[in-house]
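Read through the structure below, which is laid out as structure tokens, and then see the notes.
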Amino acid sequence: MPVATTTAPDAVTHAPAIRCRGARKVFSGAVAVQGADVTVRPGEVHALVGENGAGKSTLLGMISGRLAADDGTVEVFGRRLSGGDPRESRELGLVTVYQELTMIPGLSAEANVFLGQTRSRRGLLDRRWMRRRYLELCEELDVHVPPGTVVRDLSVSQQQMLEIMRGVQSDARIVVLDEPTAALAEHERETLYRVLRTLVARGTTIVFVSHNLEEVLDLSDTITVLRDGAVVRSAPRAEWTRPTLIEHMVGRSVDKLADRGTHPIGDEVLHVEEVCLPGVLEDIAMTVRAGEVVGLWGLVGSGRTTFLRSLAGAEPSSTGRMRLHGQDRDWPRRVRSSVDAGVVLVPESRKQALVLGMDATSNYWLGRSAAGRKPFLDRDAEAAETGETGEFFAFNRARVGEPVRNLSGGNQQKVLLAKWAGHRPDVFLIDEPTRGIDIGAKAEVLTSLVRLAEEGAAVVVTSSELEEVLAIAHRLLVFAHGRVVREIPADDPEFTVDAVVHHGFSSGENHEPVH
């Protein structure tokens, strides 16, 4: 649902909430942001969009005070920031909620909200006041998290709510959100939108970065597009459409993210049945053929990711029966045994799956069995193979020597895909391939998955972005509470977003949630 974005009557209007004039930032000779002019009005919802590497995060860093502009100025409510000290922005009423949340897992929800801003009375913590204030904040923002709940037991969306509550408690006038819904399922996003509506109604200014263009168009009053470190256009929401946003972001039109194609489907490659994991998965069966893309979809807790992990040997407690190329195989108990059998899992977390301080070539070969490498290290040959495989996924082979941490999210994803493709598997299990990457990289990644299928691989993919799965899948398995509740082929009239979501929600009635 769109956020109601009427500016509160008492909002300060004589000075912009944020104004960047000619803001410029350079890192090691590379210009990250060049001469950015951005104005954010008090009480509005302002979106910053662009491809990975467009300069959004650097601009947010200057606005939040974390980074100092090399040239130009950044002002918050008319006060110029010196930069390099986030406390400066906070004192002016600006709070930033980053993708990497700053919750302390072992503390309670209440303790995290008052972290760094506890209230004392006669030298002792005023716990009664903090408890009363916490409950008031929960009521104001319609958040339902008991104060004593340990944060490690909360979902990502609930932790984000606590981050925002912390900002409200500190009298935030501006809340800056960096990819706030990247790790959230659809129903969790609605919870966040509800909180944003409440903040906007109070006159709070919202600035957010997102790769979800539907979300940007739904929530924003003003949208600013960056490309190659420069602001290419800033205009009211009414002047934007999805195609014009994409064109300004990537410098060209992108008609379709991907297409499953019309290539022939071959023989059965993988068949599993009676897949179970106590309390999580219950009697799941699936068949995938050569050249086929099978999509998995379900709400958070539906079991789709755990199912992939079970097939890849990453859930040793799981059980089931597996057949590869018509031959019965022992159920995998280790990831290595699954890889050796030709089944690989590309996990959703790039940061956990890649060594960020190492270059793309080193990541590509890391963990490769001795049989797959030459007896003596040949960096040139290894870089050449890395570049060749990377190009399949639209990765620029000239960048194989760069530290992975310096690559955009989209390029990191391409390195991750190339790393597992280097094992030359028959079956690819791919979890959240487009999470947190821009529209151009999404198109390249999804197209590369179709190309894998065209070359005869069996591909199983799951994503929170249902529209993307439907674009490339030949069949879809709908998960709910650890079971497959519906299998829908691409030629079925119910192979639509609305029908699939309906099955995912309606099948969850009268069942306890799976964690």
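The values are calculated or read from the model by the stated rules, or taken from the named source; none is laboratory data. Since the model is a prediction, treat every value here as computed from it, not as a measurement. FYI the Cβ positions are ideal-geometry reconstructions off the backbone, even for glycines, and counts take in every protein chain you see. Heads up: the accessible areas ignore ligands, DNA and RNA and are worked out on the full protein's heavy atoms, side chains in. Shrake-Rupley method; radii C 1.70, N 1.55, O 1.52, S 1.80 Å.
The table below lists the values:
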read-out: Ordering of 113-120, 321-328, 456-463 by packing [mean C-beta count within 10 Å, highest first]; value: 456-463, 113-120, 321-328
read-out: Per residue value of the accessible surface for the chain (all protein chains in place, 1.4 Å probe), Å²; value: 44
read-out: Peptide ranges 390-400, 78-88 listed from the most packed, as the mean C-beta count within 10 angstrom indicates; value: 390-400, 78-88
read-out: For the chain, the fraction of alpha-carbon pairs in successive 20 Å shells from zero, as %; value: 21, 52, 26, 2
read-out: Environment charge at Leu115 (Cβ cut-off 11 Å; Lys +1, Arg +1, Asp -1, Glu -1); value: -1
read-out: Alpha-carbon Rg/Rh ratio, for region 71-134, with Rh computed the Kirkwood way; value: 1.09
read-out: Size of electric dipole in the chain: Cβ of Lys, Arg +1 and of Asp, Glu -1, about Cα centre, debye, nearest 20; value: 2020
read-out: Radius, Kirkwood style, for region 45-170 when every pair of distinct Cα atoms is counted (Å); value: 16.3
read-out: Accessible surface of the chain [probe 1.4 Å, protein heavy atoms]: carbon and sulfur percent; value: 48
read-out: Computed over region 200-292, Kirkwood Rh from alpha-carbon pairs, angstrom; value: 17.9
read-out: Net charge dipole size for region 155-284 [Lys, Arg +1 and Asp, Glu -1 on Cβ; Debye, nearest 20]; value: 1060
read-out: Cα pair distances of region 361-465 binned at 5 Å [whole percent]; value: 2, 12, 24, 24, 20, 12, 5, 1, 0
read-out: Alpha carbon centroid spacing (whole Å) that separates region 412-435 from region 197-245; value: 32
read-out: Over region 142-187: Rg over Rh, Cα atoms, Kirkwood Rh; value: 0.97
read-out: Ordering of 431-441, 53-63 by packing [mean C-beta count within 10 Å, highest first]; value: 53-63, 431-441
read-out: Nonlocal amide H pairs with Val232, under 5 Å, H built at 1.01 Å; value: Val225, Leu226, Arg227
read-out: Filter on Lys56/Lys351; Lys414/Lys442; Lys25/Lys351 - keep pairs with C-alpha separation over 18 Å; value: Lys56/Lys351; Lys25/Lys351
read-out: Karplus-derived 3J(HN,Hα), 6.51/-1.76/1.60, for each residue of region 277-285, Hz, glycine and proline x; value: 8, x, x, 10, 10, 9, 6, 9, 10
read-out: Rg in Å to one decimal, and Dmax rounded to a whole Å, for region 287-398 via C-alpha atoms; value: 16.6, 48
read-out: For Val97, distant residues with modelled amide H under 5 Å away; value: Val176, Leu177, Asp178
read-out: C-alpha center-to-center spacing [region 132-194, region 260-326] in angstrom; value: 34
read-out: Farthest toward positive dipole pole in region 99-171 [+1 Lys/Arg, -1 Asp/Glu at C-beta], among Leu125, Val156, Asn112; value: Leu125
read-out: Alpha-carbon gyration tensor eigenvalues x 5, square-rooted, for region 145-280, Å; value: 33, 30, 11
